[in-house]
Amino acid sequence: MISTLFRVLAGFAMACLVVGLTKVAFVITPAELSKLSGQALSDRLGTFGVLSLLAATHSAIFAAPFALIAMVIGEWQSIRNPMYFATAGVAIALAGFFAQYSSETGAAGSIANNYALKAFLTAGFAGGLAYWMVAGRAAGDAEAEVEPVTTPKVSVRPTTSVPVSGPSSKSNDIKSGDVKSKSNAEPSVAGLATKAN
């Protein structure tokens, strides 16, 4: 139970970091970074890192209740399909996009544009896959730890007969762990022929 909790929390933290990095990569593009060098590149990478952490924190605060629902369902149903987590990430990102859009005032520019929508959808997809890579691939493992599956053991007995000697009128053989007398022993070919008539 505790290991499942740590795995899920680590997956959520990684998903939020990936979402933050993805969103900032739409603002400070890799093409822009490739044109810089020296101190300008260092400053821009520092800004990229700080903005990524801020975006990850903001995403974690908004996504926590929705992600909790998706994680509980995934663990409860032992869903290990990456598309489940990617779809959950996209759905949470769409909810974030529409929450941002509904909170806009008319003074500033609107988030309702194609580029912002792509950034949110890509971030949600990447975050869902990041969660799956860290925690979702092992969803439902706590049940296996509580109740291990055991396979039945098969014992092999020898098939050779070992005669038992003694002063008995019955001839006993030990075959496969059973004691058989002549009266209930396996019939011979000659015995089968006489029973058929």
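The values are calculated or read from the model by the stated rules, or taken from the named source; none is laboratory data. Here the structure is a predicted model, which means the values were calculated and not measured. No Cβ is skipped: glycine too gets one built from the backbone with ideal geometry, and neighbour counts run over all protein chains shown.
Looking only at residues of segment 78-94 that are of a type in the set (A, V, I, L, M) and part of a helix (DSSP H, G or I), we find that the one that is nearest to TYR131 (Cα to Cα) is ALA86. For first residues located in segment 91-102 and free of Cβ contacts under 8 Å to residues at least 12 places away in the same chain, partners that are surrounded by fewer than 15 Cβ atoms within 10 Å (Cβ to Cβ) and lie 6+ apart or on another chain with Cβ distances below 7 Å form the pairs TYR101/ALA112. Only residues that are assigned to a helix (DSSP H, G or I) and surrounded by fewer than 17 Cβ atoms within 10 Å (Cβ to Cβ): list them for segment 63-77, please. The answer is ALA64, PRO65, PHE66, LEU68, ILE69, VAL72, ILE73, TRP76. Pick out the one residue from ALA31, ALA112, ALA99 that is assigned by TED's automatic domain parsing to the domain that holds TRP132 and surrounded by 11 or more Cβ atoms within 10 Å (Cβ to Cβ). Result of the check over ALA31, ALA112, ALA99: ALA112.
Would you confirm whether or not segment 44-60 contains a residue that is farther than 29 Å from ARG7 by Cα, surrounded by fewer than 20 Cβ atoms within 10 Å (Cβ to Cβ), assigned by TED's automatic domain parsing to the domain that holds ALA15 and charged (D, E, K, R)? Yes: segment 44-60 contains one or more residues that are farther than 29 Å from ARG7 by Cα, surrounded by fewer than 20 Cβ atoms within 10 Å (Cβ to Cβ), assigned by TED's automatic domain parsing to the domain that holds ALA15 and charged (D, E, K, R).
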